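The values are calculated or read from the model by the stated rules, or taken from the named source; none is laboratory data. From a predicted model like this one, the values you see are computed outputs, not experimental measurements. Ideal geometry is used to build each Cβ from the backbone, glycine not excepted, and the neighbour counts take in all protein chains shown. Each accessible area value is taken on the protein alone, full model and side chains, heavy atoms only, with ligands, DNA and RNA left out. Shrake-Rupley method; radii C 1.70, N 1.55, O 1.52, S 1.80 Å.
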Amino acid sequence: MTSERTLLMVKPDGVRRGLIGLVIARIEQKGLVISNMRMFRMDDAFARTFYAEHDGRDFFPVLLSFMTSGPVVALQIESPNAIALVRTTIGATRPEDRLPGTIRADFSTQLTENVVHASASSSDAERELVLVFGSSHATLGTEHE
Ligand code: CMP
């Protein structure tokens, strides 16, 4: 199978709690390949664009406030079936649905402060990667080799 690209992001709670290394270790231990990385702080406009699909939901203001509360670490993951594999590795959105061994199950009981985000589909992945890394993301996949 050809490689897919996806975005995995350590959220502000994960950065504050010192979980960046742990998230990276889980990804690398599984055999997924990290092909780009960026630490930055979202401003309100960036967070609104990034999470535009949730605009209008009751949790949107809380989500914006949380996502702009500190730096995030964004990772581009590039591997066969990366989108589904990374989603499985991070675990479900709802705390009660998270399977033990997933990042969210093991490190959060919270719905909003859930340590990590990962793209849900290939169209989401491409949109999110361009937002975070710009159009150059497409050429960075082989630089580490
Ligand atoms: P994430 O996968 O980054 O996508 C949207 C985020 O909104 C989600 O993780 C949670 O951090 C947050 N969130 C808060 N409440 C809800 C909710 N009811 N449904 C989905 N996401 C929520």
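According to the square roots a ≥ b ≥ c of the eigenvalues of the Cα gyration tensor, what is the shape class of segment 26-109, taking rounded for a/c under 1.5, prolate for a/b larger than b/c otherwise, and oblate for the remainder? Since a/c reaches 1.5 but b/c is at least a/b, the shape of segment 26-109 is classed as oblate.
Full extension of the chain segment joining ALA92 with HIS54 gains 12.0 nm, where the gain is 0.36 nm per residue of separation less the Cα-Cα distance. Sorting the segments 51-57, 90-96 by their residues' average number of neighbouring beta-carbon atoms within 10 angstrom, most packed first, yields 90-96, 51-57.
Mind checking the dipole of the chain: about its Cα centre, +1 per Lys or Arg Cβ, -1 per Asp or Glu Cβ, Debye to the nearest 20?
For this selection, approximately 300 debye.
Report the percentage of all Cα-Cα pairs in the chain whose separation exceeds 21 Å, rounded to a whole percent. Result for the distance tail: 40 percent.
In this simple spin-label model, placing a label point 7 Å from the Cα along the Cα-to-Cβ direction at both ARG41 and GLU126 gives a separation of 3.4 nm.
Close amide H contacts of GLU4 (hydrogens built in the peptide plane, cut-off under 5 Å, sequence separation of 5 or more or a different chain): SER79, ASN81, ALA82. Rounded to whole numbers, the Karplus 3J(HN,Hα) couplings from phi for segment 32-49 are 6, 9, 8, 10, 6, 8, 8, 9, 7, 10, 6, 9, 4, 5, 5, 5, 4, 5 Hz, using 6.51 cos²θ - 1.76 cosθ + 1.60 with θ = phi - 60°, and x at Gly and Pro. With contacts taken as Cα pairs under 8 Å at a separation of at least 6 residues, the chain carries a relative contact order of 37 percent.
By the helix-only formula, in which each DSSP H run with n ≥ 4 contributes -39500 (n - 2.57) and the sum is divided by residues, the chain has a 222 nm mean residue ellipticity of -10500 deg cm²/dmol. The residues of segment 30-145 expose on average 50 square angstrom of accessible surface per residue, using a 1.4 Å probe on protein heavy atoms. The accessible area of SER123, taken with all protein chains in place and a 1.4 Å probe, comes to roughly 80 Å².
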